[in-house]
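I have placed the structure first, in the form of structure tokens, so that the comments after it can refer back to it.
FYI, it's all coordinate maths here, none of it is from the lab. Small disclaimer: the values here were computed from a predicted structure and weren't measured. So basically every Cβ, Gly included, is an ideal-geometry build from the backbone, and we count neighbours across all protein chains shown.
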Amino acid sequence: MLYNLAMATDPEPQIADDGVQEVPLTIARPLLTRMIEQARENGLMSALTVRGRRRIYLVTPECVEQARRDREEVRALREEVTRLRDASPDA
């Protein structure tokens, strides 16, 4: 591949269609403080990528706790649906 001056040497973080900032792992280290502040101040979720594939997300502790609560609620709802389905006379 020929190199030309129009080619970027280090890609910049991009905001994907789903609103997640994607940052190649190869350039993440010097941007980490900024990404943490963006998560805390603006709620911006970042994904560290390797060869364009998301490998890990940077989110706030509140986001993780909300995801845990949501997962538990979904589990409880699924159990209730199963219980109701099993108790139904049509089952």
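What helices (runs of 4 or more DSSP H), lying completely within the stretch 24-91, carry at least 3 residues that are more than 15 Å from Gln14 (Cβ to Cβ)?
Ranges flagged: 32-42, 61-87.
Of everything in the stretch 30-80, what is among the aliphatic types (A, V, I, L, M) and surrounded by 13 or more Cβ atoms within 10 Å (Cβ to Cβ)? Give them in sequence order. Don't jump to the end; show me each part of the working.
Filtering the stretch 30-80 down to residues among the aliphatic types (A, V, I, L, M) leaves 31-32, 35-36, 39, 44-45, 47-48, 50, 56, 58-59, 64, 67, 74, 76-77.
Those that are among the aliphatic types (A, V, I, L, M) and surrounded by 13 or more Cβ atoms within 10 Å (Cβ to Cβ): Leu31, Leu32, Met35, Ile36, Ala39, Leu44, Met45, Ala47, Leu48, Leu58, Val59.
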